[in-house]
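The values are calculated or read from the model by the stated rules, or taken from the named source; none is laboratory data. Because the structure is a prediction, the values reported are computed rather than measured. Cβ placement follows ideal geometry from the backbone for every residue including glycine, while neighbour counts extend to all protein chains displayed. Just so you know, the surface numbers come from the protein's heavy atoms only, side chains and all, with ligands and any DNA or RNA stripped out. Shrake-Rupley method; radii C 1.70, N 1.55, O 1.52, S 1.80 Å.
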Amino acid sequence: MNNSYDLKHRILSFRGRLLHLYFIASLSNDTLISRLIEGIENNQGKDLENCLNMGDVNILNTNDIDKIQYALMGGNCALFDGETTYIMDTKNYPNRSIEEPETEKSVRGAKDGFNESILNNTGLIRRRIKSKELCFRIETIGTSNPIDIAIAYLEDHVDQNVLKKVLSRIQDIKAKELIMSDRALEELLLDQGYNPFPLVRYSERPDVVATHIQHGFIAIICDTSSSVMMLPTTIFEILEHVEEHRQTPLIGTFIRLIRLSAVILSIYLVPIWALCVSFHRWDWEFFIQILIVELSIELLRIATIHTPESISNAMGLIAALLLGQFAIDLGFFSEEILLFSAIGSIGGFATPNYELSLTNKYIKVMMILSIFILNIYGFIIFNIILWVYLARLKPFGMSYLYPFIPFNLKGVLQFLIRKPKSNQNS
């Protein structure tokens with residue numbers, strides 16, 4: 001170990017022999033450490049192990065330096081007694097409080113959300129699934145900078161073939177570090193490459209993740225990340241939102257249909273309108289204006305994310321000047337371009353999944369470029385390639401377009417209509 005200021009060393013005396021206690025103060029619980037020291041120095045037990053009075057004690061050989069160092073880095077303490085080293089759980093990670101996620105708010109229902117502690121996140125799921133079949137399997141990935149992940153599933157519900165594939169791919173990971181935790185893990189698990197579509201679903205809500213697990217799927221909790229990864233998934237599951245299940249079935253169905261319509265508009269409204277206009281007059285300046293407006297809206301979105309809250313009002317004023325009546329009066333953009341682009345952008349904001357909304361923006365821009373180059377043929381060719389590509393996506397063997405491909409009428413109706421809860425045992 002190095003000479004970091006928070007690496008603490010205490011020399012203790014137990015019945016005439018010296019013991020060496022090491023722990024990292026920034027990751028350890030002071031109360032547990034004090035209780036441990038007191039138990040040893042006051043001989044509170046028949047032997048050393050009885051004096052430790054800690055719930056979780058792991059005994060290692062002192063020569064097993066790598067495991068001891070990893071335990072210390074995880075917030076545990078190490079007590080050296082000759083050739084024997086005792087590892088005790090004294091974790092006390094710094095983390096923010098449990099609060100409702102900003103990106104998945106609901107009017108009614110639970111207001112708790114995951115934080116960056118893998119232990120807290122495990123507890124939040126266990127509160128909702130009180131089943132003896134619920135399993136959390138711990139794996140450590142990363143060679144030079146290890147990180148813990150927990151694979152959560154119901155042993156009697158999960159697809160064992162999918163579980164074996166997931167575990168096999170996790171154990172095959174040889175990356176040196178995964179600082180970006182869940183994002184890096186997703187790319188390694190699914191060999192995502194340059195595929196723009198989200199192949200897993202993320203959530204910061206324990207109720208959403210618990211529902212996913214209850215349906216027989218898998219969730220992966222990464223230490224230091226407040227987002228839990230759910231897999232396998234489909235594009236239609238990604239489009240669901242918790243608010244639909246917090247309202248009555250009729251209102252939930254209405255909200256779902258409105259949201260789906262908004263997602264479709266966010267992709268196709270501007271390209272189809274541009275295609276209709278190009279039939280009457282093909283003008284390259286018209287397409288350039290559309291692309292500038294679309295990219296300007298995306299630029300404003302990015303700038304808003306990085307703008308401090310104290311000057312966010314100024315950002316809104318700039319946006320109004322650039323893409324409002326001022327731009328129309330100067331002749332930069334037409335009213336129709338701003339109107340259709342604004343409606344499409346609102347549809348993007350209504351998309352419940354942030355990653356999918358970014359992908360849809362990319363797809364829309366590429367579709368506009370295809371129409372600009374090949375007109376109606378560009379639109380047709382682009383959509384054929386797009387939907388064939390989506391139909392061929394099968395993360396962990398599940399069709400990305402299920403229940404439409406392969407077609408399942410019951411699944412389609414269940415997706416479109418928020419059915420009332422049944423009192424029948426499922």
Compute the acute angle (0 to 90°) between the alpha-carbon long axis of helix 376-392 and the principal axis of greatest extent of the alpha-carbon atoms of the chain; round to the nearest 10°. 30
Residues in region 385-402, backbone N under 13 Å from the label point at Trp282 (7 Å along the Cα-to-beta-carbon vector): list them, ranges by number please. none
Only helical DSSP H runs with n ≥ 4 go in: add -39500 (n - 2.57) per run for the chain, normalise by residue count and round the 222 nm mean residue ellipticity to 500 deg cm²/dmol. -14500 deg cm²/dmol
Leaving ligands, DNA and RNA out of it, report the carbon-plus-sulfur percent of the accessible area of the chain at a 1.4 Å probe. 59
Expressed in nanometres to one decimal, the distance between label points 7 Å along Cα→Cβ at Tyr377 and Glu83 is 8.1
Which distance in nm do the two modelled labels at Leu386 and Ser334 give, with both placed 7 Å along the Cα-to-Cβ direction? 2.2
In the neighbourhood of Ala25 defined by beta carbon distances under 12 Å, the net charge of the other residues (Lys, Arg +1; Asp, Glu -1) is 0
Enter the angle in degrees (range 0 to 90, nearest 10) between the Cα long axis of helix 354-374 and the first principal axis of the Cα atoms of the chain, meaning the one along which they spread out most. 30
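Over the chain, average the accessible area per residue using a 1.4 Å probe and give it in Å², no decimals.
Working: 23360 Å² over 426 residues.
Spelled out: the 1.4 Å probe surface of the chain, per residue, equals 55 Å².
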If I build a Gaussian network model for the chain, linking alpha-carbon pairs within less than 10 angstrom, which residue out of Ser345, Ser296, Ser227 has the largest mean-square fluctuation? Ser296
Expressed in angstrom and rounded, the centroid-to-centroid distance over alpha carbons for region 255-285 and region 142-206 is 36
Charge dipole (debye, nearest 20) of region 1-158; +1 at Cβ of Lys and Arg, -1 at Cβ of Asp and Glu: 400
Mind checking which aspartates and glutamates have their Cα closer than 17 Å to the Cα of Lys91? Skip sequence neighbours fewer than 8 apart in that chain. Asp6, Asp30, Asp56, Glu116, Asp148, Asp223
Going by alpha carbons, how many degrees (0 to 90, nearest 10) lie between the helix axis of 30-41 and the longest principal axis of the chain? 20
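Magnitude of the Cβ-charge dipole of the chain, K/R +1 and D/E -1, about the Cα centre, nearest 20 debye? Write out the running numbers ahead of the final one.
On the way: 39 positive and 46 negative charges, 231 e Å.
Rounded to the nearest 20 debye, it is 1120 debye.
Just subtract the alpha-carbon distance of Leu18 and Asp66 from 0.36 nm times their residue separation and send over the number in nm, one decimal. Before the final figure, lay out each step's value.
Numbers: separation 48, 0.36 × 48 = 17.28 nm, distance 2.30 nm.
Here the answer is 15.0 nm.
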